[in-house]
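Data first, discussion second: the structure below is written as structure tokens.
The values are calculated or read from the model by the stated rules, or taken from the named source; none is laboratory data. Bear in mind that the values here come from a model prediction, so they are computed numbers and not experimental data. Don't worry about glycine lacking a Cβ; one is built from the backbone with ideal geometry, like all the others, and counts go over all protein chains shown. Quick note on the areas: whole protein, heavy atoms, side chains included, nothing else; ligands and nucleic acids left out. Shrake-Rupley method; radii C 1.70, N 1.55, O 1.52, S 1.80 Å.
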Amino acid sequence: MTDVVARIAAGVADVPRAQWDACAGDANPFVGWDFLTALEKSGSVGPGTGWQALPLLIDGADGQVAAAAPLYAKTHSQGEYVFDHGWADAWERAGGRYYPKLQIASPFSPVPGPRLLLRDDALAPALIGGVEALVERNQLSSAHASFIEAGQVPLFEAAGWLIREDSQFHWTNRGYRDFRDFLGQLSSAKRKTIRKERARAVEGLEIVHLTGAALTEAHWDAFWHFYQDTGMRKWGQPYLTRAFFSLLGESMGDKILLILALRDGRPIAGALNMIGREALYGRYWGCSEEVPNLHFELCYYQAIDVAIALGLGRVEAGAQGSHKLARGYAPEPTWSAHHIPNPGFRRAVAGFLEAERACVQNDREWLAERTPFKKIER
């Protein structure tokens, strides 16, 4: 291959939408132009947030973008869901400067997907090399790629990046006709428990599904209240601005599913989902009134109903949460990749990752044996 030149744009919004999306594809909404520019335009990323957009681009022979990476300079490790705070502490105790670092990611989105957006697959090594060159040129501690889809892990591995493994809970659609059909695959005790949970959760409530033009600013106002409450309890400060949700509704309404619980016509809880080509992605939840099991109903059971109705292959319900296991969500592997140029620091991290990987895999195997599905006699 002839020499390839990578360049940095001031933001994804500065890249023509059609060119970015020609590389990103339409399967995963979290790497699309609309989602990433909504983050920029709303101020959820940018000055004062610790996320500086530095999208890395490679142009093809036709003058159009042929490869891109959603790259950010980070001055902290918040909003990533792949925790490297211990690495930062160790590096700085040794006299180094961990931040800023580079992050290839969809901000605030623990959703596996492509991190190398490629119209020309042959440009993957050059795109990774461009990130490495930025690290070297600016004497940065590291670069990271979080929640990489399985098919791209070997690309980073071939470039010498360290691979980290973790787990998430996903629900898989095995051709179910409806929720009742899904329940039929569970043990009798689990079926009864879920039926009781669902009945108790919706007692006295109306559940509504909103998408596209049905989404209004009043709905976003209600959900913003829920999101703020959850964000302050989980992270101390919500990551997303109010404007982000309006922009998302304007540009991606047909890919949004907002599920609200109403009491006497007033929203008391909500769950925000994104609709992909193959999966339903559960993202945010919040409430103004505590109702037993309502979280399970809106975030997990309603999502299963929708996935079956839309013919989607799975539901990805976000990071963490072993309580999802009893609701039919099974552990699946996730991966991140890490470029650490300093030899000593790299060896230390590599040793940690090897030990961690064994624990993660053992834990996933243990959990997989405890799903609520009927056990097959051998």
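What tally of residues in the range 347-365 results from selecting those that are open to solvent by 50 Å² or more (accessible area, probe 1.4 Å) and not aromatic (F, W, Y)? Explain how you work it out, then say what you get.
Residues of the range 347-365 open to solvent by 50 Å² or more (accessible area, probe 1.4 Å): 347-348, 352, 354-355, 357, 359, 361-363, 365.
Okay, now just the ones that are also not aromatic (F, W, Y), so 347-348, 354-355, 357, 359, 361-363, 365.
So the count comes out to 10.
When only residues in the range 304-320 that are part of a strand (DSSP E or B) and not β-branched (V, I, T) count, which is farthest from the chain's Cα centre (by Cα)?
Filtering the range 304-320 down to residues part of a strand (DSSP E or B) leaves 314-316.
Checking the rest, the ones that are also not β-branched (V, I, T) come to 314, 316.
Values: R314: 14, E316: 9 Å.
Ranking the qualifying residues of the range 304-320, first place goes to R314.
Which members of the range 113-167 meet the condition of being polar (S, T, N, Q) and either closer than 20 Å to A24 by Cβ or touching a Pro at 6+ places or on another chain (Cβ under 7 Å) (or both)? If you could, list the steps in order and put the result at the bottom.
At the first step, the residues of the range 113-167 found to be polar (S, T, N, Q) are 138-139, 141-142, 146, 152, 167.
Of everything in the range 113-167, those that are polar (S, T, N, Q) and either closer than 20 Å to A24 by Cβ or touching a Pro at 6+ places or on another chain (Cβ under 7 Å) (or both) turn out to be S146, Q152, S167.
Inside the range 33-45, can you point out the residues that are assigned to a loop (DSSP other than H, G, I, E, B) and either among the hydrophobic types (A, V, I, L, M, F, W, C) or open to solvent by 10 Å² or more (accessible area, probe 1.4 Å) (or both)? Can you show your working first?
Of all residues in the range 33-45, those assigned to a loop (DSSP other than H, G, I, E, B) come to 42-45.
S42, G43, V45 - these are the residues of the range 33-45 that are assigned to a loop (DSSP other than H, G, I, E, B) and either among the hydrophobic types (A, V, I, L, M, F, W, C) or open to solvent by 10 Å² or more (accessible area, probe 1.4 Å) (or both).
Take the residues in the range 46-59 that are in a loop (DSSP other than H, G, I, E, B) and either out of contact with any strand residue (DSSP E or B) (no Cβ under 9 Å at 6 or more places or on another chain) or open to solvent by 10 Å² or more (accessible area, probe 1.4 Å) (or both); name whichever of them is nearest to F345 (Cα to Cα).
Residues of the range 46-59 that are in a loop (DSSP other than H, G, I, E, B), as a first pass: 47-50, 54-55.
Subset that is either out of contact with any strand residue (DSSP E or B) (no Cβ under 9 Å at 6 or more places or on another chain) or open to solvent by 10 Å² or more (accessible area, probe 1.4 Å) (or both): 47-50, 54.
Numbers: P47: 30, G48: 29, T49: 27, G50: 24, L54: 25 Å.
By that ranking, first place goes to G50.
Have a look at P125, P114, P107 and point out the one that is of a type outside the set (S, T, Y) and touching an Asp or Glu at 6+ places or on another chain (Cβ under 6 Å).
Values: P125 fails: touching an Asp or Glu at 6+ places or on another chain (Cβ under 6 Å); P107 fails: touching an Asp or Glu at 6+ places or on another chain (Cβ under 6 Å).
Result: P114 is the single residue among P125, P114, P107 that is of a type outside the set (S, T, Y) and touching an Asp or Glu at 6+ places or on another chain (Cβ under 6 Å).
Considering only the range 321-341, I want to know if a residue exists there that is touching a helix residue (DSSP H, G or I) at 6+ places or on another chain (Cβ under 6 Å), surrounded by 15 or more Cβ atoms within 10 Å (Cβ to Cβ), among the basic types (K, R) and not in a loop (DSSP other than H, G, I, E, B).
Yes, the range 321-341 contains at least one residue that is touching a helix residue (DSSP H, G or I) at 6+ places or on another chain (Cβ under 6 Å), surrounded by 15 or more Cβ atoms within 10 Å (Cβ to Cβ), among the basic types (K, R) and not in a loop (DSSP other than H, G, I, E, B).
Which is of a type outside the set (D, E) and within 18 Å of L140 (Cα to Cα), of A24, A61, A73, A9?
That would be A73, the only listed residue that is of a type outside the set (D, E) and within 18 Å of L140 (Cα to Cα).
For the range 17-31, what are the residues that are buried (at least 24 other Cβ atoms within 10 Å of the Cβ) and more than 13 Å from the chain's Cα centre (by Cα)?
Within the range 17-31, W20, C23, A24 qualify.
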